Structure formats: C-alpha cells, structure tokens
Amino acid sequence: MKTLCLTTSVVKLLMLHKKWLALLGLAIFLSACTKAPEYSIAQGRAGELQFQVVYLPVTSNQTERRVVERVHSLLTHLEQQLSSENAESEVARVNNWAQSSALVLTRDLEEFIRVGMSVDMLTEHGLSLFQKASQSPLPHVFVENHRLIKTDPSLKLTFDALISGYAVDRIAVMMRQMGVVNYQITVNNQRRSKRFRVMPVVNDIHAGQHIVDVEQEINARSYALGYARSPNNAEVYVVYNSAAQASGLAQWLATMPVAEALITADRLNLAVSIHSDAKDSGTRYNSAAFN
C-alpha cells in the first residue's frame, strides 16, 4: 500500500511538472511572438547630403555598417554626377553643350532630368530649375530615345535643389532591391517611409519641429514627404508620389504667403500642411486634400 501511494504521488508530481513546463514553454513562445522588432539605424553624411535610414533587416548581413557603406556610395555617386557645381558632372556636361543637336544621356542623368521636368510642370515653372537667355517660360528642352535636345543652346539645368529628394527615392529603390519592406529614409529633411505601423524611437535628423505631428495624421502606410522652410520660418510639408516631387512642391509653396500657398494647394489638390509660428503662437493650416 505504501509503495502504491508513493507511486501515485510521483505520478502526480510528474504531471504537475509537465504542466509547469508546458506553461513555461507557452510563456516563452508568447514572449518571442510579442517581442518588438529590432530596427537598425544607418546614418552619416556624403558630401552635402546628410542621411538616416531606419529599417527592419530581413537578412543577417544587412548590418548598419554595410547599409551605411551602400548608401554613402550611392549618394557620393549621385552628388558627383548630378550637381551643377561639379565641373565634371553629367549635369555640367549638359550645361556646357552649346549646340542644338541631340546629346546622349546616361541612365541616371535621363531619370534625373525627367524628374526635374516633372517638378517644373507641377510647380507651374515656379522654381528656378532652368536658366536660359530667352524670356519664354518654357524650358526648351526635350528628352527622346535617351537623348536630350536643347532648342535653346544657352539653357542650363539648375536642379540642385532636387538632389536630396531624388536621393531619397533612389535609396528607397535600393532598399526594395535588398528585400527590405520596412524603412524610413531621410536625406536633408526630405523623407520616404514604408509600412511602419509604429515608428521606433530614434534621434530623428529631420529639422522640422512638427514632423511627428504631420506624420501621425498621414493616413498611409507608404508615403513621400517633402519639407521646406519659408522666409517667415513657416514649415511647409507636402505629401506626394515621390520625395523629389514632394520636395520641389514644398520649396515652391514656401516662397508664397501662407494664404496663397493654401489656395494653390487646394487648386492643385495637393496634400499640404503648413505650420506658422508667427506672433509667438503656433498655427497649423491643412489643405483640403491633406485632411
């Protein structure tokens, strides 16, 4: 009888032990499932381009150091080829082409020129993206079959203000090629974000004081955000299809008084948010499309 009681006690103890192990395993499993994803932050500077890339790696080799190297290499290349201030750049080659015959374009330059032309149209020729001797508002430049034609040989491209936004778009392409689907890219205050539900707490390099407020109201998992500061220190944020276009639109609207910028935004159905700190009191104005 004593042996039977002892055996029964051992069985009960083993059963309790198994239940305890099962509960412990379940707790570990739930803890692993609810663990916050570990984001990486790659940041640095390439010439005049300050960058920050917050991302969720999908492979073990997508370390911060490697992403910094890749982004730095890309931005260095873009700045060298697209800056009009670099005498050896592809843009300088276009500007020095004082002929009306076609000029063969590199892939990067063609894409950049097409972006600049689209921004020129979106801003109703309101940005100084072309310098020319004629008084016509038209740029007198065409791209066809990977060739550029300047009907006005004196025309020069001055797209430098679009490089930061264009760089953001190019980094986004690079991240997608790496298989990364969760990222926030910032270059010189221009931004692109994709699929972040809740952004991790990071030391944001964006200079806009109201960037968090604006992003919390953007009802999209994927967006491009352009930023510019007006002469009166108003912050202008524009949501658009690409960071280069959003950046150009923000810079254009920042040249206008707030009332005129809002009228223009509504006329063109642009999603715009303007924060004005005039008279020591912050006031926010949203276009109809932003709301």
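The values are calculated or read from the model by the stated rules, or taken from the named source; none is laboratory data. The structure presented is a predicted model; accordingly, all values stated were derived computationally and were not measured. Cβ: placed from backbone, ideal geometry, glycine included. Neighbour counts: every protein chain shown. Calculation scope for accessible area: heavy atoms of the full protein, side chains included, ligands and nucleic acids excluded. Shrake-Rupley method; radii C 1.70, N 1.55, O 1.52, S 1.80 Å.
A count restricted to segment 60-106 and to residues that are within 21 Å of the chain's Cα centre (by Cα) and assigned to a helix (DSSP H, G or I) stands at 19.
Mind checking whether some residue in segment 136-143 is at pLDDT below 85, open to solvent by 50 Å² or more (accessible area, probe 1.4 Å) and in contact with a Leu (Cβ under 8 Å, 6 or more places away or on another chain)? Give the derivation first.
Going residue by residue through segment 136-143, those that are at pLDDT below 85 are 136-141.
From what's left, open to solvent by 50 Å² or more (accessible area, probe 1.4 Å): 137-138, 140.
Then drop every residue that is not in contact with a Leu (Cβ under 8 Å, 6 or more places away or on another chain), which leaves 140.
Yes: segment 136-143 contains one or more residues that are at pLDDT below 85, open to solvent by 50 Å² or more (accessible area, probe 1.4 Å) and in contact with a Leu (Cβ under 8 Å, 6 or more places away or on another chain).
The numbered conditions (1) out of contact with any helix residue (DSSP H, G or I) (no Cβ under 8 Å at 6 or more places or on another chain); (2) open to solvent by 30 Å² or more (accessible area, probe 1.4 Å); (3) over 30 Å from Ala265 (Cβ atoms) are all true for Met121 except (3). Listed by first and then second residue, the pairs with beta-carbon distance under 7 Å, at least 6 apart or on different chains, first residue in segment 157-168 and touching a residue at least 60 places away in the same chain (Cβ under 8 Å), second of a type in the set (Ser, Thr, Tyr) and assigned to a helix (DSSP H, G or I), are Leu162/Ser247; Ser164/Ser247; Gly165/Ser247.
Is there a residue being in a strand (DSSP E or B), touching a residue at least 24 places away in the same chain (Cβ under 8 Å), out of contact with any strand residue (DSSP E or B) (no Cβ under 6 Å at 6 or more places or on another chain) and farther than 20 Å from Ile41 by Cα anywhere in segment 123-133? Yes, the conditions are met somewhere in segment 123-133.
For segment 72-107, the set of residues classified as open to solvent by less than 30 Å² (accessible area, probe 1.4 Å), more than 13 Å from Arg147 (Cβ to Cβ) and among the β-branched types (Val, Ile, Thr) consists of Val91 only.
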